[in-house]
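**Q** Pasting a structure here, questions to come.
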Amino acid sequence: MTVIIIQLLIDFGLAILIWMIQRVVYPSFLHYSNENLIVWHRKYTSSFSPIVIPLMFGQLGISIYQVALSTNSYTVLNLLIIIILWLSTFLQFLPIHSNISKGKTSKKMLKSLVAKNWSRTILWSLLFLMNYILLFHDK
């Protein structure tokens with residue numbers, strides 16, 4: 001299996017996951033009482049983390065490998081988008097999830113979680129589409 005196929009599968013997995021999170025999971029947070037949200041959120045994060053973390057590390061690793069192998073505008077752009085996604089995840093979303101786990105929530109914060117997550121949804125979708133086009137453009 002070529003690196004681009006593995007990359008495409010990882011990108012597809014992350015794109016599907018982020019769309020599920022964006023359209024189903026995060027909006028559902030608004031329908032829980034604070035106490036129930038804390039319980040559900042802990043279950044949700046512990047269930048999703050073993051799926052998302054390896055995919056994110058795989059995506060980053062392949063992108064770094066591709067830049068090392070062939071530095072061009074595509075590989076650099078791909079890595080740049082992934083770095084933006086990582087920064088956004090750890091600097092913006094991790095603190096929000098930490099607050100939810102601690103019970104520090106409000107409807108405004110939960111609505112902002114959904115609104116802010118559109119940027120990650122678009123970027124992960126863009127990565128998948130870029131790699132899909134690249135794979136089939138060469139054929």
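The values are calculated or read from the model by the stated rules, or taken from the named source; none is laboratory data. Because the structure is predicted, anything quoted here is derived from the model rather than measured. Quick reminder, even Gly has a Cβ in these numbers, built from the backbone with ideal geometry, and neighbours come from all protein chains shown.
**Q** Considering only residues that are more than 23 Å from LEU113 (Cβ to Cβ), over 13 Å from the mean Cα position of the chain (by Cα) and among the aromatic types (Phe, Trp, Tyr), which ones fall in the stretch 30-68?
**A** Of everything in the stretch 30-68, just one residue is more than 23 Å from LEU113 (Cβ to Cβ), over 13 Å from the mean Cα position of the chain (by Cα) and among the aromatic types (Phe, Trp, Tyr), namely TYR65.
**Q** Within the stretch 88-97, which residues are exposed (fewer than 14 other Cβ atoms within 10 Å of the Cβ) and within 20 Å of VAL24 (Cα to Cα)? Lay out the reasoning, then the answer.
**A** Here is the first cut: in the stretch 88-97, the residues exposed (fewer than 14 other Cβ atoms within 10 Å of the Cβ) are 90-91, 94-95.
Result: LEU94, single match.
**Q** So, GLN22, is that one in contact with a Leu (Cβ under 9 Å, 6 or more places away or on another chain) and of a type outside the set (Lys, Arg) or not?
**A** Taking the combined requirement at face value, the residue does not satisfy it.
**Q** A further question follows. Do we find a residue being among the hydroxyl-bearing types (Ser, Thr, Tyr) and within 24 Å of SER112 (Cβ to Cβ) anywhere in the stretch 69-88? Steps first, please.
**A** Initial filter on the stretch 69-88 (among the hydroxyl-bearing types (Ser, Thr, Tyr)): 70-71, 73-75, 88.
Within this subset, residues satisfying the condition of being within 24 Å of SER112 (Cβ to Cβ) are 88.
Within the stretch 69-88, one or more residues are among the hydroxyl-bearing types (Ser, Thr, Tyr) and within 24 Å of SER112 (Cβ to Cβ).
Condition check ((1) free of Cβ contacts under 8 Å to residues at least 12 places away in the same chain; (2) under 17 Å from PHE128 (Cα atoms)) across all residues:
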position: GLN22; (1), (2): no, yes
position: LEU37; (1), (2): no, no
position: SER46; (1), (2): yes, no
position: PRO50; (1), (2): yes, no
position: PHE57; (1), (2): yes, yes
position: LEU60; (1), (2): no, yes
position: ILE64; (1), (2): no, yes
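**Q** Right, here's the next one. Quick one: would you say LEU85 is modelled with pLDDT of 95 or more and surrounded by 14 or more Cβ atoms within 10 Å (Cβ to Cβ)? Reasoning before the result, please.
**A** Values: modelled with pLDDT of 95 or more: yes; surrounded by 14 or more Cβ atoms within 10 Å (Cβ to Cβ): yes.
Taking the combined requirement at face value, the residue satisfies it.
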